[in-house]
Amino acid sequence: GANVSKRHCLLLSAMHANAPVEIIEMLMQPNVFSLNGVTGQTRTALANMVVSHKTLQKCIVREMADKTVFVLLFCRLYANIATSIFIFICSEQLIDGETDDLGGVAVLGVCTAIFILREIVQLLSEQLEDYFFDLWNWFEIINIGFLISSIFIFRNNLGKKCGENPEDCDLNEWVLITTAIIVLLSAVFCLRSTFLGFARFASGLTWIIVILVPFLITSFIVIMIFTYCYRIVSVFNENGPLKDTSGPESCNFTQPFTSCMVYTLGDFITGNDDAESSLDLIFGLIAVVILLNVVIAIVSEVWEKAAKTATILFWDSRIGILAETDYFRRRQSDIDFIEKQNFIPLRTEVSWKNDYPFNKVKSFDEYKNPENYFEPKVAERIRSGHSLAATFHWIRVDSETDKKRHKSLMLWKASVTWLASTVLYVIIIIIGFCSIGLFLPRHVREKVLSFGQNEVGHKQIGASEVIMNKSDEASLKE
């Protein structure tokens, strides 16, 4: 316990002292990395640092690929997706009343239990004041409360045709509507913290809504002005007051002012194909040409800014997830058989003659068992270049130097082995996703969590990676 506290103090002290990236990277290595106590501004500062450094991103992804963290994350993701689907299924069953099956209600109950479990995990990993001062936690609590209310509504009205006989049903439609909205928002926020693409979209959409408020107010004022003009022109025209109704029917003296405003708003959105007066032309010029081009320019500029902000929020949420699950990390070990499974492609872009360290391989045995000839890091990189085409290449190379080898037999054996390993790998991946990540190899979990990150961030090499490369080259020269 004393060692853990010291680690916490070291990480916090390093962040407060604006320590260089190399120091932060050292404190984020396995069996040392801990985010307990890193909250608020410190967490945001760490997220800003992670955005700009690939090595720190790899550290975060590596920790999130821990089996317990990954299972908890995807359990929450699956629960949000299932809740979003079954809230609509149960609502349709409530309207039709054609079934009294409890399956949908049971699924919602299980998902609600998962949400409650997640809140318990957070309470165990955070201090009470940090938990209750987080607005997102209150959103989750409200979500759970509305879900429980909706489950009771679905359960108590099973078999009743509420669409045909609403008076026979004991329900509150606003509870169901609010539940659906909160559930869908929760699913979007869950996807935002899981995949960077959704984070960019959600953040961009939020920024656009906020930044469009001045545009919407200005547009409303313009619509009010033209509504007034259309109203006056339709009622008081050159033929005398209340005589001519050749203007818009919705704006003449027989209709209220609100009808004229709806007409003008419709022209603003869809455009007026029947422009008959100079007022129509002026309205089209201002509404369509000027205002709509302005909003396009605003949205384009805001979307670029939102992408940068979304990346920071994305990593901040991931750091938050690690802080929430700090107590549970490394509680489960990986299964060796599953971890040894790798996908071997048909071919790679590796050059075994020119690219380092692949050009150090000189025989089929060195290619097949690099661990027996090279340092572990180098051997791992050589294995990453394995492919069916590369295996064929080294079989042919060895058969040229050793005439006793049966090249055709070895090629057939390599093909069958590759096909069997590929089928086994696909089966493991399917089982892994069906088991919420329990049987997924670690490298697959890391790839899933790294999806969409190559487009964002500065490609910087950390100190440990530079040292590793230099030591590898030195060991090979020896």
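The values are calculated or read from the model by the stated rules, or taken from the named source; none is laboratory data. Quantities reported herein were computed from a predicted structural model and do not represent experimental measurements. Every residue, glycine among them, receives a Cβ derived from its backbone with ideal geometry; neighbour counts consider all protein chains shown. Please note that ligands, DNA and RNA were not included when accessible areas were found on the heavy atoms of the full protein model with its side chains. Shrake-Rupley method; radii C 1.70, N 1.55, O 1.52, S 1.80 Å.
For the stretch 197-232, the set of residues classified as within 30 Å of residue 450 (Cα to Cα) and not aliphatic (A, V, I, L, M) consists of 197, 198, 200, 201, 203, 204, 206, 207, listed by residue number. Output the number of residues of the stretch 165-184 satisfying the condition of being within 22 Å of residue 84 (Cα to Cα) and either loosely packed, with under 14 Cβ neighbours inside 10 Å or within 33 Å of the chain's Cα centre (by Cα) (or both). Number of matching residues: 13. All but one of (1) open to solvent by 80 Å² or more (accessible area, probe 1.4 Å); (2) modelled with pLDDT under 90 hold for residue 110; state the number of the condition that does not hold. Tallying (1) open to solvent by 80 Å² or more (accessible area, probe 1.4 Å); (2) modelled with pLDDT under 90, residue 110 fails exactly one: (2).
Taken over the stretch 308-336, the criterion of being part of a loop (DSSP other than H, G, I, E, B) and either open to solvent by less than 30 Å² (accessible area, probe 1.4 Å) or at pLDDT 80 or above (or both) is satisfied by 325, 329.
Would it be correct to say that residue 417 is of a type in the set (Ser, Thr, Tyr), at pLDDT 85 or above and open to solvent by 60 Å² or more (accessible area, probe 1.4 Å)? For residue 417, the condition - of a type in the set (Ser, Thr, Tyr), at pLDDT 85 or above and open to solvent by 60 Å² or more (accessible area, probe 1.4 Å) - is met. In the set (1) under 30 Å from residue 15 (Cα atoms); (2) in contact with a Lys or Arg (Cβ under 7 Å, 6 or more places away or on another chain), residue 97 fails one condition alone, (1).
Does the stretch 135-164 hold any residues that are in a loop (DSSP other than H, G, I, E, B) and open to solvent by 60 Å² or more (accessible area, probe 1.4 Å), and which are they? Don't jump to the end; show me each part of the working.
Here is the first cut: in the stretch 135-164, the residues in a loop (DSSP other than H, G, I, E, B) are 157-164.
Listed by number, the residues that qualify are 160, 161, 164.
Residues in the stretch 353-381 that are of a type in the set (A, V, I, L, M, F, W, C) and farther than 23 Å from residue 407 by Cα: 374, 378, 379. Residue count for the stretch 228-240 under the criterion of being hydrophobic (A, V, I, L, M, F, W, C) and at pLDDT 70 or above: the result is 3. Of the set (1) among the hydrophobic types (A, V, I, L, M, F, W, C); (2) at pLDDT below 85; (3) assigned to a loop (DSSP other than H, G, I, E, B), all apply to residue 440 but (2). Residues in the stretch 409-451 that are more than 30 Å from residue 192 (Cα to Cα) and among the small types (Gly, Ala, Ser): 414, 415, 420, 421. Across the stretch 396-411, the number of residues qualifying as open to solvent by 100 Å² or more (accessible area, probe 1.4 Å), at pLDDT 75 or above and either under 14 Å from residue 368 (Cα atoms) or polar (S, T, N, Q) (or both) comes to 1.
Sort through 201, 195 and tell me the only one that's among the aromatic types (Phe, Trp, Tyr), more than 30 Å from residue 294 (Cβ to Cβ) and surrounded by 17 or more Cβ atoms within 10 Å (Cβ to Cβ).
Numbers: 201 fails: more than 30 Å from residue 294 (Cβ to Cβ).
When all the criteria are applied, what remains is 195.
If you go through the stretch 119-134 and keep only what is surrounded by fewer than 19 Cβ atoms within 10 Å (Cβ to Cβ) and among the charged types (D, E, K, R), you end up with 119, 129, 130, 134. In the set (1) in contact with a Phe, Trp or Tyr (Cβ under 8 Å, 6 or more places away or on another chain); (2) over 19 Å from residue 401 (Cα atoms); (3) of a type outside the set (Ser, Thr, Tyr); (4) at pLDDT 85 or above, the condition left unmet by residue 350 is number (4). Answer yes if at least one residue in the stretch 103-110 is farther than 19 Å from residue 152 by Cβ and touching a residue at least 24 places away in the same chain (Cβ under 8 Å), and no otherwise. No, the stretch 103-110 contains no residue that is farther than 19 Å from residue 152 by Cβ and touching a residue at least 24 places away in the same chain (Cβ under 8 Å). Screening residue 225 on (1) more than 16 Å from residue 260 (Cβ to Cβ); (2) modelled with pLDDT of 80 or more shows it passes everything except condition (1).
Residues are listed down the side, and each one gets a yes or a no for (1) open to solvent by less than 100 Å² (accessible area, probe 1.4 Å); (2) in contact (Cβ under 8 Å) with a residue 24 or more places away in the chain; (3) touching a strand residue (DSSP E or B) at 6+ places or on another chain (Cβ under 9 Å):
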position: 344; (1), (2), (3): yes, yes, no
position: 353; (1), (2), (3): no, no, no
position: 369; (1), (2), (3): yes, no, no
position: 374; (1), (2), (3): yes, yes, no
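Looking only at the stretch 23-37, which residues are among the β-branched types (Val, Ile, Thr) and open to solvent by 30 Å² or more (accessible area, probe 1.4 Å)? Working first, answer last.
Let us first name the residues in the stretch 23-37 that are among the β-branched types (Val, Ile, Thr), namely 23-24, 32.
If the condition is that a residue be among the β-branched types (Val, Ile, Thr) and open to solvent by 30 Å² or more (accessible area, probe 1.4 Å), then 23, 32 are the ones that fit.
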